[in-house]
Amino acid sequence: MTLTAILPGKLGFGTAPLGNMFRDIPEDEALCTVETAWNEGIRYFDTAPFYGAGLAEIRMGEALAGKPRDEYVISTKVGRLILEEVEEASSADLGDKDALFAHGRPNKIVNDYSEDATYRSIEGSLKRLKTDRIDIAFVHDVAQDIYGDEWLGVFESARKGAFRALDRLRDEGVIKAWGLGVNRVEPIELLLDLNEPHPDMFLLAGRYTLLDHDHALDRAISKIAQRELGIVVGGPYSSGALVGGATFEYAPANPAILDKVARIKAIADHHGISVKAAGLQFVLANPAVAAVIPGASRPGRIAEDIAALREVIPADFWRELRAHRLVNPAAPLPGLA
């Protein structure tokens with residue numbers, strides 16, 4: 001089954017913020033955000049056990065309880081088990097993401113990409129999500145940003161364990177599709193070079209955005225398209241930097257990034273458009289991209305994303321970005337050859 005046949009639309013909802021990413025989000029605000037997404041017609045929801053040590057899954061399960069299950073698609077992730085045991089957040093080893101979920105649940109998180117852990121991870125997600133099935137499973141974060149120089153060993157563990165388990169679950173019809181959910185291009189390249197197993201898709205976060213897309217375009221996207229697979233793009237606003245935030249890659253944005261943002265914004269202002277609209281529409285202009293999943297922690301963000309997709313952007317805006325070398329010459333742009 002192709003990715004476009006599975007996904008119900010181009011705009012999904014990334015639920016990492018519901019795990020109390022960066023701040024302690026009130027329960028009613030979190031549930032209202034999911035309800036607003038539903039009311040606005042969004043039917044694809046991406047989550048993970050890692051987001052707040054199960055908190056995002058719990059909140060999503062609560063918010064979607066009672067909704068017709070056949071009307072929406074859920075993707076979640078494997079590779080981390082959430083235990084009942086409690087630990088201090090400062091003792092967790094989460095690579096670049098150490099501080100992201102300081103306000104999440106205190107449950108211990110165990111990194112485990114074995115076959116047995118994959119089955120247990122899905123079982124735990126089903127309980128937290130209050131559902132009888134998961135449509136898409138991503139193997140989460142088998143990359144340098146979490147594991148540093150050890151990432152290839154972790155990838156090999158996943159190859160022998162999670163990849164084979166998910167291949168089996170897909171072939172048995174338990175899930176519809178699986179792939180990698182990563183913030184780096186190299187694991188995708190490595191998996192595509194293997195004869196087996198056979199992933200269906202990839203979730204690539206932060207690496208194919210208006211602000212940062214050269215490496216993904218040069219190294220992975222053409223290979224994915226040749227295999228007739230697809231990509232879900234996460235983090236389309238580059239951790240907030242693209243739309244005026246202070247962070248890029250979960251850390252303070254450096255001067256070069258801030259300068260590029262300012263140059264893009266100046267051109268957007270000249271044409272009377274929003275940078276958010278440019279960011280979303282740039283991502284979806286690539287035919288390999290099946291959907292984009294910006295995160296939201298407030299109901300108002302959902303309306304902003306929908307408005308950004310509908311905003312009319314003149315072709316001259318894209319031509320000016322190209323002329324100023326702010327986009328890769330090979331990047332597909334809306335309405336341009």
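The values are calculated or read from the model by the stated rules, or taken from the named source; none is laboratory data. Just so it is clear, the structure is predicted and the values come from calculations on it, not from any experiment. No Cβ is skipped: glycine too gets one built from the backbone with ideal geometry, and neighbour counts run over all protein chains shown. SASA here: full protein model, heavy atoms, side chains in, ligands and nucleic acids out. Shrake-Rupley method; radii C 1.70, N 1.55, O 1.52, S 1.80 Å.
Listed by position, the strands (runs of 3 or more DSSP E) enclosed by region 169-244 include none that has at least 3 residues that are surrounded by fewer than 20 Cβ atoms within 10 Å (Cβ to Cβ) and of a type outside the set (Asp, Glu). The residue list ILE231, ILE267 contains one member that is among the hydrophobic types (A, V, I, L, M, F, W, C), within 23 Å of ALA291 (Cβ to Cβ) and out of contact with any Ser or Thr (no Cβ under 9 Å at 6 or more places or on another chain), which is ILE231. Only strands (runs of 3 or more DSSP E) whose full extent lies in region 28-92 are considered here, and the ones with at least 2 residues that are touching a strand residue (DSSP E or B) at 6+ places or on another chain (Cβ under 9 Å) and loosely packed, with under 14 Cβ neighbours inside 10 Å are 80-86.
Here ILE302 fulfils each of the conditions (1) assigned to a loop (DSSP other than H, G, I, E, B); (2) closer than 30 Å to CYS32 by Cα apart from (1).
Closer than 24 Å to THR33 by Cβ, open to solvent by less than 30 Å² (accessible area, probe 1.4 Å) and either in a helix (DSSP H, G or I) or without any contact (Cβ under 8 Å) to a residue 40 or more places away in the chain (or both), is that true of LEU280? Yes. Restricting attention to region 12-44, the residues that are farther than 22 Å from GLU249 by Cα and not basic (Lys, Arg) add up to 18.
I'd like the residue in region 1-21 that is open to solvent by less than 30 Å² (accessible area, probe 1.4 Å) and of a type in the set (A, V, I, L, M, F, W, C) and, out of all such residues, is farthest from GLU228 (Cα to Cα). It comes out as LEU18.
Results for (1) open to solvent by 20 Å² or more (accessible area, probe 1.4 Å); (2) free of Cβ contacts under 8 Å to residues at least 40 places away in the same chain, shown as yes or no for each residue.
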residue	(1), (2)
ASP269	yes, yes
GLY272	yes, yes
ALA285	yes, no
ILE306	no, no
LEU326	no, no
